[in-house]
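> Supplied in structure tokens, the structure appears directly below.
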Amino acid sequence: MKKITQKLALILMLALTGACFAQKKIAFIGQAGTYNDDLSATNVEYLPEGDTAAGIWFMEDFGVNTPNVTVNYLSFEDAAAPGANLSQYNVIWIQYDPETWTGRLTDFPRSRPEGDGTKHSMLKKSGFDWGRDEATDGPLEDAFVAAIKTYYQGGGNMLLGNFAGAGIEPFGVINSALSNPWEYKPNQDFGDVFPCACNTVGAWGNWWKGASDSPLITGITTSIDACNETLPYISFLTSGTEKKNRVLQYNLDFGRIANDNPSANLATKRGILEDLLQAKILVLNCGGNEVQGLEFNPTGFNAGKGTVISYGAGTYDWYVGTNGNNNNVKNLTKNTLLYLANKSNLSVASLDGSLNIKFYPNPVQSDLKIQYKGDLTTSVYDIRGSKLVETKSKSIDMSKMSKGMYIIKTFENDSNKTNSYKIIKE
């Protein structure tokens with residue numbers, strides 16, 4: 001084993017410490033001006049009961065009881081404001097369901113016109129409103145889209161809750177080179193504005209299509225349901241929960257993928273959806289034709305961008321009523337936020353305090369890409385300090401390396417500056 005310098009030993013110690021204790025910054029982005037404002041004092045059409053409950057859980061439960069996490073609440077207007085710095089967050093959670101008729105929400109964050117062309121106010125702190133001032137609402141929507149798109153394209157990770165999932169096209173998650181890329185957004189929406197008493201009795205759940213050992217379902221008990229015994233079943237809303245069944249999903253029985261592949265079976269259609277969107281299906285209905293949760297990966301046309309997870313099932317409901325229980329919705333959300341935080345570009349402090357070089361994906365399975373315009377000499381060390389690779393290439397093959405943590409040390413040839421980073425090999 002080559003002898004390592006005291007400086008490199010310090011870097012390794014910092015990296016190991018950071019792996020366990022690195023503070024993560026996560027932001028919840030919602031409509032109201034404050035996380036616990038239920039907008040009851042305004043003239044909004046309906047109260048966003050689920051969004052308010054989600055914000056309160058995030059700030060008062062998740063943010064208080066989760067170690068090594070710092071949380072913040074931002075309104076849509078805060079996120080769109082000049083000078084807002086979203087890049088400081090490892091993850092942002094955009095939550096949107098103002099609980100009006102679902103068809104009005106499917107162009108989020110922009111307003112979908114009514115049949116007569118009428119548009120609504122979508123993003124202001126005062127809540128969803130029938131009235132719209134194009135002079136202020138239009139620029140707010142544009143600024144919000146630009147802010148989120150910049151964050152995502154810079155490697156920022158996102159959770160999109162409920163109808164925020166409609167943002168995958170304007171935020172740049174869908175390949176813009178596809179013909180009519182908006183046709184690859186979720187293509188089915190429905191749901192009630194008020195809970196239906198007919199749905200209160202009985203638990204509701206979904207089938208988990210992700211890996212059975214996925215960290216996304218850590219601590220969640222799965223079972224086998226007779227409707228589909230090939231996938232684990234998760235109960236998200238217990239009996240007694242008041243259910244509105246508000247849904248934004250892909251229905252593979254119709255829409256662009258079904259139309260382009262009329263003879264394909266459901267398994268083939270699911271594979272086509274995953275390939276076209278560089279995504280992994282996480283949540284399905286019993287029949288497998290309704291895709292209700294997806295993980296969009298930073299691969300292919302999205303290389304170098306962030307990871308996005310979207311949940312749009314009717315069971316992903318933050319409003320439970322008086323006697324309801326959605327603990328598995330909370331568990332799934334907590335796991336998702338921590339999973340995305342740990343997938344962000346993790347690094348230890350560089351020797352000169354500079355962090356201007358980007359590595360992706362992180363964690364990595366095969367090729368580690370390096371984003372930097374200048375010339376670099378890059379070395380890879382294991383946690384014992386042994387140098388494994390030294391290269392001037394902007395791509396490093398780590399496919400044969402063991403799973404675990406590695407230190408990447410870069411030397412900028414023009415400035416003679418040294419930086420060190422932590423990379424996770426899966």
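The values are calculated or read from the model by the stated rules, or taken from the named source; none is laboratory data. Treat the numbers as computed from the prediction; the structure is a model and nothing was measured. Cβ coordinates were reconstructed from backbone atoms using ideal geometry, including for glycine residues, and neighbour counts include every protein chain displayed. Heavy atoms of the whole protein, side chains included, go into the accessibility calculation; ligands, DNA and RNA do not. Shrake-Rupley method; radii C 1.70, N 1.55, O 1.52, S 1.80 Å.
> Give the share of C-alpha pairs in each 5 angstrom bin for the stretch 17-80, from 0 to the last occupied bin, in whole percents, shortest bins first.
4, 18, 23, 21, 15, 9, 6, 3, 2, 1, 0
> For the chain, set up a GNM with springs between Cα atoms under 10 Å and report which of 44, 283, 247 has the largest fluctuation.
Ranking 44, 283, 247 by mean-square fluctuation puts 44 first.
> State the percent of C-alpha pairs, over all pairs in the chain, separated by a distance greater than 39 angstrom. Intermediate results must be reported in sequence, preceding the final value.
Numbers: 20122 of 90525 pairs.
The share of Cα pairs beyond 39 Å in the chain comes to 22 percent.
> Next question. By how many nm would the segment from residue 229 to residue 411 lengthen if fully extended, with 0.36 nm per residue of separation less the alpha-carbon distance?
60.2 nm
> Then there's this: Anything over 20 Å Cα to Cα? Flag those among 149/330; 24/280; 25/417; 343/403, in the order listed.
149/330; 24/280; 25/417
> Just subtract the alpha-carbon distance of residue 180 and residue 43 from 0.36 nm times their residue separation and send over the number in nm, one decimal. Numbers along the way, then the final one.
On the way: separation 137, 0.36 × 137 = 49.32 nm, distance 3.66 nm.
Computed gain between residue 180 and residue 43 is 45.7 nm.
> Mean 1/r over all different Cα pairs, inverted: what Kirkwood radius does the stretch 118-239 give, in Å?
Details: mean 1/r = 0.0547 Å⁻¹.
Final number for the Kirkwood radius of the stretch 118-239 is 18.3 Å.
> Per residue, how many Å² of accessible area does the chain show with a 1.4 Å probe?
I get 43 Å² per residue for this part.
> Let me ask something additional. Under the Karplus relation 6.51 cos²θ - 1.76 cosθ + 1.60, θ = phi - 60°, what is the ordered set of whole-Hz ³J(HN,Hα) values for the stretch 94-106, x standing for Gly and Pro?
Each residue's phi maps through the Karplus curve to give 9, 10, 8, 7, x, 6, 8, 4, 4, x, 7, 10, 7 Hz.
> Among residues other than residue 244 whose Cβ falls under 10 Å from its Cβ, what is the net charge (Lys/Arg +1, Asp/Glu -1)?
Here the charged neighbours net out to -4.
> Identify all aspartates and glutamates with a Cα-Cα distance to residue 373 below 17 Å; exclude those on the same chain that are fewer than 8 residues away in sequence.
Excluding near neighbours in sequence, the set is 412, 414.
> If you fit an axis through the alpha-carbon atoms of helix 134-153 and take the longest principal axis of the Cα set of the chain, what angle between them do you get, 0 to 90°, nearest 10?
Around 40 degrees separate the two axes.
> Angle, helix 327-343 long axis vs. longest principal axis of the chain, Cα atoms, 0 to 90°, nearest 10?
Roughly 30 degrees between the two axes.
> Measure nothing but the geometry: give the 0 to 90° angle between the long axis through the Cα atoms of 6-21 and the longest principal axis through the Cα atoms of the chain, rounded to 10°.
So the inclination is approximately 20 degrees.
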